[in-house]
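Novice: I'd like to ask some things about the structure below.
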Amino acid sequence: MSGVKDKLRKLAGAIQDSPPTVPAYYTLGAFHAVRARSFGRPRIAEADIKNVEENLTFIFKSFNRQGLARQAYRSIRSYYPHVRIIIADDSEVPLEIDGAEIVHLPFTAA
């Protein structure tokens with residue numbers, strides 16, 4: 001199996017060293033998806049997780065994209081279970097996620 005890993009690493013290196021183009025961007029995304037499905041998620045050291053959780057706050061804005069906001073929240077939580085996450089939401093229907101710190105902003109349709 002190490003031969004396959006070496007070939008994937010070589011492919012990723014070639015893509016990353018190539019000039020930035022849209023096809024290369026999508027190819028690199030496909031490479032990471034195949035790698036994740038084949039070999040599992042990359043492991044993050046416990047010390048790095050603790051360092052991030054103590055010193056970092058994730059903040060993102062949501063506007064009428066409740067599904068994507070929930071997906072982003074779950075993704076962050078899967079890697080960093082105790083990090084602070086703040087979501088600024090100015091959707092027409094207020095976003096509700098258990099355990100999330102949500103700042104509800106006024107909705108204005110433009």
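Novice: What number does segment 46-104 give for Rg over Rh if you use C-alpha atoms and the Kirkwood radius?
Specialist: 1.01
Novice: Between Arg77 and His104, what FRET efficiency comes out of the Förster formula 1/(1 + (r/R0)^6) with R0 = 22 Å and r the beta carbon distance, rounded to 0.05?
Specialist: So, using R0 = 22 Å, E works out to roughly 0.60.
Novice: Highest first, please rank the peptides 60-73, 42-55 by the mean number of other Cβ atoms sitting within 10 Å of their residues.
Specialist: Put in order of decreasing packing, that is 60-73, 42-55.
Novice: Explain nothing, just compute: Karplus ³J(HN,Hα) = 6.51 cos²θ - 1.76 cosθ + 1.60, θ = phi - 60°, for every residue of segment 72-85 in order, whole Hz, x for Gly and Pro.
Specialist: 5, 4, 5, 5, 4, 4, 5, 8, 10, x, 10, 6, 7, 10
No value in this document is a laboratory result; all are computed from the given coordinates. It should be emphasised that the depicted structure is a prediction, and the values quoted were computed from it without experimental measurement. When we count neighbours, we look across all protein chains shown, and the Cβ atoms used for this are built from the backbone with ideal geometry, even at glycine.
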